[in-house]
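**Q** Before I ask anything, here is the structure I am working with.
The values are calculated or read from the model by the stated rules, or taken from the named source; none is laboratory data. Quick caveat, the model's predicted, so the values are computed rather than measured. For neighbour counting, all protein chains shown are included, and Cβ atoms are generated from backbone atoms with ideal geometry for every residue, glycine included. SASA here: full protein model, heavy atoms, side chains in, ligands and nucleic acids out. Shrake-Rupley method; radii C 1.70, N 1.55, O 1.52, S 1.80 Å.
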Amino acid sequence: MRYLLDQRSYDEMLKQTSHPRDCYVRGHEYCHHLYIDGVKYTVARAVYACMKEAQAKNDTDAMLHLQMHISDLERLISAARARGENVQALRLLGDPPPSDEEARPQLDNSFMPKVPQTIEETGLNRTFLTEHFLRILYNKGRATGREIAATMGVLYQIIEPIITDLRNVEQIDIIGQRGYGDINYEYVLTIRGHEAAQAALDKTQYVGPCPVVLDDWIASVKAQTVRHVKVTRRNIRDAFEGLVMDESILNMVGPAVNSASSVMLFGYPGNGKTTIAERITHLMGDDIFIPYTVYADGAIIKFYDAVIHEPPRRPWDEEIEYDRRWVRISRPVVIVGGELTLEQLNLIYNETSKIYEAPFQMKANCGIFLIDDFGRQQVRVFDLLNRWIVPLEKRYDYLNTVTGQKIQIPFDQLIMFSTNLDPKDLGDDALLRRIKFKIEIIDPTEEQWREIWKIMCNVRKVPYDDRSIDYLVAKWFRADGRPFRMCQPRDILDQLISIARYNMETPLLTADLLDAACLSYFPSKEKKNFGAKVRLDL
C-alpha cells in the first residue's frame, strides 16, 4: 500500500479527466486513487475529502471503504513518527515505488532438451527404435544413415548399432554410398526387411521424429510452467501496447494471469475478449520446447500441431545443440469455439495409422486454452465444467487409451472462458466456483472509441477526420441509441475501403462512404418477418 500525502498529488489527481474504475469507491464516485507510471497510489487528501462528502450524503457504503484507508494511513503515520521521521516533510508513506526489475520481471525459460547420446538416454527401448528405423526406410525406399538419423531426430551413433543388427539378420542391405564414411552408406530393405517393416507398420504407421517418453515431457512442463509467470501493472501495459483498453480491465486480467488458474471474460461481443487472451501470452516470457510426439505405455501421441503451435517470436539460432525430437514454439494459444465436444477433450485414436491425436488441453500446456463463445458449445456447460472439476482443482488430467489404460498428464495452462452470456445463465454457484476470476469486458467510452478510430485509420492508411467521426456518432449511434464496441472502427473502416474500391475512388471518411458502410454493417432496427423461423435456444 502506498499513500501520497502532498497537495501536488491531490491537484494532479483532480486535473486528470478520467481514471480507471478501481480509483473510485464505486462507479465514478469518490475518486481517491492515482496511477503514476503504472503504479497505484492512494491520495491521502482525497481520502479525507471523499469521507467528508460521504458523511454529508450519509453514504454508509462509501464511509466504510474510506474509513479502512484512514485507519491504514493513521497506522503508517504513527509508525513513521515512532521512527523519528517528520511526516509533514514526507510525500510518500508505505511501500516504496518498485524498481525497474520488479516492475518488468522477465520469465527466462532455461529449459533445453538435452541431446541423448545413447539408446538408454532416449527413454525408448531398442525394439521400438529398430521398428521405427524399418518404417522410415520402408517409406523412403532408399536412404543413407545420415538421412534416417535426421528423420528420427537422433544422433547417428544411436542408430549405428541398430544398422549393424539389421545387417546381421539380413533385413537391410547397402546399395550405394553418397560420401565418405559409414554415415553416408545408402540402405534398402531386403525381402526379410520388407516383412519386418510390414509387421512394424501393423503396429503403427508413424514415421516422424522419435517420440519423447511421457515422463520427460511432464518434466519439461514443470520446467516451463505458466505458474512462474509474474505480471505487474507496468509489464501488462507493455504487453497490451497499441490496444485501447480500460485500465481497470488490465488490473483484473493481471492478477488472473498471476494465478495461472481459470478466468471467465464476459461482456458484449466485439470488445476484444479473444484479443486479450492472445496478448496475455506476451507476458509469459520466452518461447518453449514441445515434443513432436509423446510415447506413453505403448501409445504414440501426436503432440505438435502446426495449426496451433506457432514459430518462436524471438530469433533462434538453429545451430544450438538440442534434442531434435523437440521443436521450439511460441507459448501456445489454443482457441476452440462452438464446435467443441467432450470427445475432443480425450485422446483421439486413428484406426488406420494407429496414432493418437493429443486433445486440446494437452496441446495448450505452458500456454493458454481459450474456450470462445462459452455456453454455445455442442456439449452442455454442466458436462464441460464437470469434466474439468479435477483438472481445474488439481492441475492434472486423465486421458484414456483404446486399451482402457489411463494416462495422467499435466494441466498447466491458463484456461479462459469467453462469453457474451451472463455468468448466472451458465451455471449455479457450485459450478461457477471452479472458475476463479470472472471479469466483465466493458464497452469503450466515446473517447476510447475515437482513439481506436485514429489507430485504425493510421493502420489502414485512411486520413482521419474528427468532423467525419462527429457525423458518424450523431447519425448512426446517438440517433439510434447504439452502443460503442471496440471492433466497430476496424469493421466499418474495412467496409468503407471495400465500397471505395468498388466505386473506384479513394477511401476517405466521407458522409457517403460512411453511410454506405454502416448501412451494410448494422442490421435495421425495424424487426421484419421474412416468413422463416429460427430457434435460438438450441
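**Q** If you split all Cα-Cα distances of region 225-345 into 10 Å bins from zero, what percentages do you get per bin, shortest first?
**A** Percent of pairs per bin, in order: 10, 35, 34, 17, 4, 0.
**Q** Using 1/(1 + (r/R0)^6) with R0 = 30 angstrom and r between the beta carbons of Glu85 and Asp37, what's the FRET efficiency to the nearest 0.05?
**A** Efficiency for this residue pair is about 0.75.
**Q** Still on this structure, I have one more. I need the Debye-formula profile for region 144-233: one equal scatterer per C-alpha, no solvent, reported as log10 I(q)/I(0) at q = 0.11, 0.15, 0.23 1/Å, two decimals.
**A** Cα-only, vacuum Debye calculation for region 144-233: -0.47, -0.71, -1.24.
**Q** Accessible area per residue, 1.4 Å probe, Å², for the chain: what's the number?
**A** Result: 51 Å² of accessible area for each residue.
**Q** Whole-Å semi-axes of the chain's equivalent ellipsoid, largest first, each the root of 5 times a Cα gyration tensor eigenvalue?
**A** Over the Cα atoms of the chain, the ellipsoid semi-axes are 55, 32, 24 Å.
**Q** Kirkwood hydrodynamic radius, computed over distinct alpha-carbon pairs, for region 178-288: how many Å, to one decimal?
**A** 19.0 Å
**Q** For a quick protection proxy, order the peptides 86-92, 247-253, 387-393, 130-136 by their average other-Cβ count within 10 Å, most packed first.
**A** 130-136, 247-253, 387-393, 86-92
**Q** Residues of region 1-15 with the amide nitrogen closer than 19 Å to a label point 7 Å from the Cα of Arg75, along Cα-to-Cβ, please.
**A** Of the residues in region 1-15, 1-5 have backbone N under 19 Å from the label point off Arg75.
**Q** For region 34-143, what's the radius of gyration and Dmax over Cα atoms, in angstrom?
**A** Looking at region 34-143, its Cα Rg and Dmax stand at 32.1, 90 Å.
**Q** Right, next: Ignoring ligands, DNA and RNA, what percent of the accessible area of the chain is carbon or sulfur (1.4 Å)?
**A** Summing carbon and sulfur atoms, their accessible area is 50 percent of the total for the chain.
**Q** Among the listed pairs Lys114/Lys203; Lys114/Lys222; Lys140/Lys354; Lys114/Lys140; Lys114/Lys230, which are separated by more than 25 Å between their Cα atoms?
**A** Where the Cα-Cα span goes over 25 Å, the pairs concerned are Lys114/Lys203; Lys114/Lys140; Lys114/Lys230.
**Q** Using a Förster distance of 35 Å, how high is the FRET efficiency between Glu29 and Arg313, based on the Cβ-Cβ distance and rounded to 0.05?
**A** So, using R0 = 35 Å, E works out to roughly 0.25.
**Q** When only Cα pairs under 8 Å and 6 or more residues apart are kept, what is the percent relative contact order across the chain?
**A** Dividing the mean separation by the residue count of the chain yields 12 percent.
**Q** When N is the residue count of region 124-170, what does its C-alpha Rg come to as a fraction of 2.2 N^0.38 Å?
**A** Ratio of Cα Rg to 2.2 N^0.38 Å: 1.02.
**Q** While we're looking at this one, here's another question. Please get the size of the charge dipole for the chain, origin at its Cα centre, with Cβ charges of +1 on Lys and Arg and -1 on Asp and Glu, quoted in debye to the nearest 20.
**A** Charge dipole of the chain: 880 debye, to the nearest 20.
**Q** I would also like to ask the following. Just to be sure I understand the model, the point goes 7 Å from the Cα along the line to the Cβ. What's the resulting Asp11 to Asn58 distance in nm?
**A** Once both label points are built, they end up 3.7 nm from each other.
**Q** Go ahead and run the numbers for FRET between His282 and Leu342, Cβ-Cβ distance against an R0 of 41 Å, rounding to 0.05.
**A** Efficiency at R0 = 41 Å is approximately 0.85.
**Q** After finding the eigenvalues of the alpha carbon gyration tensor for region 381-536, what semi-axes result from the square roots of 5 times each, listed largest first in whole Å?
**A** 44, 20, 18
**Q** Here is a follow-up. Could you order peptides 365-372, 329-336, 501-508 by the average number of other Cβ atoms within 10 Å of their residues, highest first?
**A** In descending order of packing, they fall as 365-372, 329-336, 501-508.
**Q** Say each of Met112 and Arg460 gets a label point 7 Å from the Cα, pointing the same way as Cα to Cβ; how far apart are those two points in nm?
**A** 4.7 nm
**Q** While we're looking at this one, here's another question. When the helix-only estimate is applied to the chain (DSSP H runs of n ≥ 4, each -39,500 (n - 2.57), divided by the residue count), what is the mean residue ellipticity at 222 nm, nearest 500 deg cm²/dmol?
**A** The helix-only estimate for the chain comes to -11500 deg cm²/dmol at 222 nm.
**Q** How far, in nm, would the chain grow between Lys424 and Arg380 when pulled straight, counting 0.36 nm per residue and subtracting the alpha carbon separation?
**A** 14.4 nm
**Q** If the convex hull of the alpha-carbon atoms of region 83-242 is projected onto planes in all directions, what is the mean projected area in square nanometres?
**A** About 17.5 nm², averaged over all directions.
**Q** What's the ranking of 55-64, 191-200 by average number of surrounding C-beta atoms within 10 Å, highest first?
**A** 191-200, 55-64
**Q** Continuing with this model, one more query. Please work out the C-alpha center-to-center distance from region 188-267 to region 396-425 and express it in whole Å.
**A** Comparing the Cα centres of region 188-267 and region 396-425, I get a distance of 14 Å.
**Q** Report the one residue of Ser259, Val402, Ala511 whose Cα lies farthest in the direction of the positive end of the charge dipole of the chain (charges on C-beta: Lys and Arg +1, Asp and Glu -1; origin at the Cα centre).
**A** Sorting the options by dipole projection puts first Ala511.
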